[in-house]
Amino acid sequence: MFNMKVVETTALNPETKFKFRCHKGVKCFTKCCSNIDIMLTPYDVLRLKNRLGISSSEFLDEYTMMRVDDKSSHPYAYLKMGDNEERTCPFLLGPEEGCSVYTDRPVSCRYYPIGQGTVKKREGEEMEIVYEEFYFFTREKHCLGYEEDTEWTVQSWREDQDSAGYDEMNRGWMEVLMRRNLPGKPGLDQKKQTQFFMASYDLDRFRRYIFESKFLDVFDVSDEEIAKMKEDDAALMKFAFRYIKFLMMMEESLKLKKGVLPENPKPGK
Ligand code: SF4
Ligand code: SF4
């Protein structure tokens with residue numbers, strides 16, 4: 001997330017101890033809120049656009065820029081930093097005041113100085129795919145938080161940073177992030193990239209796509225699930241991840257309604 005960072009490659013476990021404290025009294029206060037690249041998760045966008053009281057489309061237009069990842073051809077939303085020399089975060093109130101969206105800050109700000117990753121493994125006789133989370137330290141020269149005396153474990157830090165809701169929502173997204181272009185094959189075409197971006201980040205537009213198009217005539221979605229998605233943004237977002245996996249042919253995560261596709265002619269007929 002931050003420039004000049006040193007990422008320690010040793011994977012940490014939830015009980016790993018470290019000393020750290022970030023508060024208004026540290027000399028480096030808010031130094032980490034400039035000259036950075038922050039890739040947003042879909043849940044970051046949901047929390048921030050609700051915090052600002054604007055639609056997801058307005059948030060994306062105003063506060064983000066899109067970059068296409070080389071390895072996956074996925075389009076990702078990054079926070080658009082200020083047009084000044086320091087590239088200051090738009091949510092930084094000032095060097096004394098700190099973050100204006102603190103309780104809804106993006107997950108990478110929340111976890112810092114811990115970084116989070118996911119590995120994909122195969123387990124059991126069926127060689128089932130499982131995703132496992134891991135943690136590591138990121139250290140930057142300017143960050144003096146490591147000189148403070150408050151002791152944490154990775155687990156107690158996560159609890160202190162109120163990351164449980166973020167972790168729960170980001171799980172499905174991390175699985176999507178691990179998809180790569182097939183070797184020797186072209187990446188996603190523009191139509192798929194547009195769908196990917198909408199389903200990932202533009203939840204208000206995705207809601208219209210589900211409920212105001214022929215989507216529900218084509219896909220087999222239960223009434224219970226439809227009712228949940230109508231009243232709960234988190235349920236709609238989890239459905240969006242299933243839609244992305246279907247679109248990317250990662251999993252048969254959605255089913256088409258019977259009769260949508262012509263049945264294969266039977267042999268001999
Ligand atoms: S969102 Fe808040 S914590 Fe994160 S970089 Fe911006 S000002 Fe700093
Ligand atoms: S202690 Fe580290 S995380 Fe806290 S303000 Fe300073 S640089 Fe940022």
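Throughout, read-outs are computed from the coordinates displayed, never taken from laboratory work. A quick note: this is a predicted structure, and the numbers were derived from the prediction, not measured. A quick note on method: Cβ atoms are made from the backbone with ideal geometry, for glycine too, and the neighbour counts reach across all protein chains shown.
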*For the range 114-127, does any single residue satisfy the condition of being loosely packed, with under 15 Cβ neighbours inside 10 Å, under 15 Å from the mean Cα position of the chain (by Cα) and outside any helix (DSSP H, G or I)?*
yes
_In the range 29-43, residue nearest to ligand 1 (Cβ to nearest atom) [restricted to those that are hydroxyl-bearing (Ser, Thr, Tyr) and not in a loop (DSSP other than H, G, I, E, B)]_ = 34
*Failed condition for residue 26, given (1) outside any loop (DSSP other than H, G, I, E, B); (2) surrounded by fewer than 16 Cβ atoms within 10 Å (Cβ to Cβ); (3) within 16 Å of ligand 1 (Cβ to nearest atom)*: (1)
_Which listed residue, of 92, 60, 79, 46, is more than 10 Å from ligand 1 (Cβ to nearest atom) and either farther than 22 Å from residue 195 by Cβ or touching a Ser or Thr at 6+ places or on another chain (Cβ under 8 Å) (or both)_ = 46
*Top-ranked residue of the range 137-160 - restricted to ones that are among the polar types (S, T, N, Q) and touching a residue at least 60 places away in the same chain (Cβ under 8 Å), ranked as nearest to residue 30 (Cα to Cα)*: 138
*asked:* Considering only residues that are assigned to a loop (DSSP other than H, G, I, E, B) and more than 20 Å from residue 172 (Cα to Cα), which ones fall in the range 200-221?
replied: 212, 213, 214, 220
*Name, by its number, the condition in (1) out of contact with any helix residue (DSSP H, G or I) (no Cβ under 6 Å at 6 or more places or on another chain); (2) in contact (Cβ under 8 Å) with a residue 60 or more places away in the chain; (3) within 29 Å of residue 65 (Cβ to Cβ); (4) within 16 Å of ligand 1 (Cβ to nearest atom) that does not hold for residue 110.*
(2)
*Quick one: in the range 128-147, which of the residues that are of a type in the set (Asp, Glu) and either within 11 Å of ligand 2 (Cβ to nearest atom) or closer than 14 Å to residue 166 by Cα (or both) is farthest from the chain's Cα centre (by Cα)?*
147
